[in-house]
Amino acid sequence: MEAIIHAARTERWPARIAAVISNRPDAAGLTFAASHGIPTAVVTNKDYSTREAFDTALQSAIDEFSPDLVVLAGFLRILTVQFVEHYAGRILNIHPSLLPSFPGLATHRQALSAGVKVHGATVHFVTANLDHGPIVAQVAVPVLPGDTEDTLSDRVLLQEHIIYPRAVRWFVENKLSIDNGRVHVVASAQ
Ligand code: NHR
């Protein structure tokens, strides 16, 4: 999230960071956003007894700010079909694996136990099918002898901070289209 806000400002994107919203009142990103003059909101999932009720409240909180795009950044609650369909084609996520390998949680542990030599991260549109939405961008990193979950996740995270801002910028510049589950990126003018 910080990398995206930083890129938006230093690269002067034609975009407004509408708000930063978390389900956790103690999220560090809220402090960062507030200190950069960005509105914040908290919708605590523990205050709601069902996923539907939480997602409805989250949706209302988001829609107060009328964003064009919802960017998941470290968001760990599975979203309901109703929520995902409300923002169809307008939610991005970055998942720390080369999808379709290793969906779900603990991706670096999954990669190490599978013994893959190449790992990475994937920016994708969010659909009801968890970690299976149309792929916007991917980056590969080597798995090195002696890697632990920490050393591997640090190597992946460095690259996430490059590809996620780039993919969000493509959306902002209207360069992305989805056709039959495939994402097309318009070539930029030279
Ligand atoms: N929701 C939908 N419908 N589709 C996706 O593709 C989503 C999504 C919500 C979040 C991010 C994803 C990731 O990048 C994401 C993609 C959380 C879980 C999970 O199991 C899985 C995938 C992702 C995020 N969450 C548990 C749950 O019961 C809670 C885990 C926890 O709180 O620690 O919601 O990895």
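Among the residues of the stretch 76-86, how many are farther than 25 Å from His161 by Cα and in a helix (DSSP H, G or I)?
5
What are the residues in the stretch 105-146 that are loosely packed, with under 14 Cβ neighbours inside 10 Å, out of contact with any strand residue (DSSP E or B) (no Cβ under 8 Å at 6 or more places or on another chain) and not in a loop (DSSP other than H, G, I, E, B), if any?
Ser113, Ala114
Residue by residue, here is whether (1) under 19 Å from Ala61 (Cα atoms); (2) assigned to a loop (DSSP other than H, G, I, E, B); (3) modelled with pLDDT of 95 or more holds:
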| residue | (1), (2), (3) |
| --- | --- |
| Ile5 | no, no, yes |
| Ala18 | yes, yes, yes |
| Ala33 | yes, no, yes |
| Gly37 | yes, yes, yes |
| Ala41 | yes, no, yes |
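Just one of the numbered conditions (1) at positive phi; (2) within 13 Å of the ligand (Cβ to nearest atom); (3) not small (Gly, Ala, Ser) is not true of Arg12; which one?
(2)
Being among the charged types (D, E, K, R) and within 13 Å of the ligand (Cβ to nearest atom) is the filter here, so list the residues in the stretch 153-164 that pass it.
Glu160
Tell me, which residue of the stretch 29-75 that is within 20 Å of Ala167 (Cβ to Cβ) and within 10 Å of the ligand (Cβ to nearest atom) is surrounded by the fewest Cβ atoms within 10 Å (Cβ to Cβ)?
Only one residue tops the list, namely Gly74.
Just to be sure I understand, how many residues within the stretch 101-115 are within 12 Å of the ligand (Cβ to nearest atom) and not hydrophobic (A, V, I, L, M, F, W, C)?
5
Give me the residue from the stretch 128-152 that is among the small types (Gly, Ala, Ser) and within 16 Å of the ligand (Cβ to nearest atom) and, out of that set, nearest to Tyr164 (Cα to Cα).
Once the filter is applied, the top-ranked residue is Ala137.
The values are calculated or read from the model by the stated rules, or taken from the named source; none is laboratory data. This structure is a prediction, so every number in the text was calculated from the model and none was measured. When we count neighbours, we look across all protein chains shown, and the Cβ atoms used for this are built from the backbone with ideal geometry, even at glycine.
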